[in-house]
Amino acid sequence: MQKKYIVRLTPNERHQLQEVIKKLKGSSQKVRRAQILLKADADGPNWTDQEIADAFECRTKTVENIRRRLVGQGFEVTLNGAKRRCPPTDKLLNGEQEAQVIALRLGAPPAGYANWSLRLLARKVVELGLTDTVSHETVRQTLKKMA
């Protein structure tokens, strides 16, 4: 089958990929992408997608996607992956609210309790009206920043 996206690497790109593989520099995904790109190079080994998929234990669709990304988005994005433009969810507490949670934690616990628990803190934050809802995990992450 004729390949739609042809990988042609410059000598500099080839050298950079070889360094990533040799030193295992970066994540395992980055190393695998580097290996796939080197084998897919039309001026190099020029392996078929099926040969590459078999060699690196991935699907042929993965190889096709990497080829398409290289042609469409460029070398850096293909090798390192696309960066997120914004976090998946917005922060629940702003800086002032976080400061109030920390101050509450440093204060004395309510009567009948020896220490603040995360769930108790979360309930108290909602009682005080700092936010409508908050989970104990959000409280934990806020307090962890303090430590």
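Since every read-out is calculated from the coordinates, none of them should be taken as a lab result. Keep in mind it's a predicted model, so treat the numbers as computed, not measured. Methodologically, a virtual Cβ is constructed for each residue, glycine included, from the backbone with ideal geometry; neighbour enumeration extends over all protein chains shown.
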Quiz item: Failed condition for D41, given (1) out of contact with any strand residue (DSSP E or B) (no Cβ under 6 Å at 6 or more places or on another chain); (2) free of Cβ contacts under 8 Å to residues at least 40 places away in the same chain, with all others met?
Solution: (1)
Self-check item: Sole exception among (1) hydroxyl-bearing (S, T, Y); (2) closer than 30 Å to V134 by Cβ; (3) touching a residue at least 60 places away in the same chain (Cβ under 8 Å) for T89, by number
Solution: (3)
Practice problem: Output the qualifying pairs, or none if there are none: Cβ atoms under 8 angstrom, residues six or more apart or on different chains, first residue in the range 129-140 and at negative phi, second residue of a type in the set (K, R) and outside any loop (DSSP other than H, G, I, E, B). | Solution: H136/R119
Quiz item: Any idea which residue in the range 1-31 is surrounded by the fewest Cβ atoms within 10 Å (Cβ to Cβ), counting only those that are charged (D, E, K, R) and closer than 19 Å to Q73 by Cβ?
Solution: K4
Practice problem: Check A82 against each of (1) surrounded by fewer than 17 Cβ atoms within 10 Å (Cβ to Cβ); (2) touching a residue at least 24 places away in the same chain (Cβ under 8 Å); (3) aliphatic (A, V, I, L, M) and name the one condition it does not meet. | Solution: (2)
Quiz item: In the range 44-66, how many are surrounded by 18 or more Cβ atoms within 10 Å (Cβ to Cβ) and either part of a loop (DSSP other than H, G, I, E, B) or in contact (Cβ under 8 Å) with a residue 60 or more places away in the chain (or both)?
Solution: 0
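Listed here are the residues, each with its yes/no results for (1) farther than 30 Å from E13 by Cβ; (2) loosely packed, with under 10 Cβ neighbours inside 10 Å.
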site: G72; (1), (2): no, no
site: T78; (1), (2): no, no
site: C86; (1), (2): no, yes
site: L92; (1), (2): yes, no
site: E96; (1), (2): yes, yes
site: V101; (1), (2): yes, no
site: R105; (1), (2): yes, no
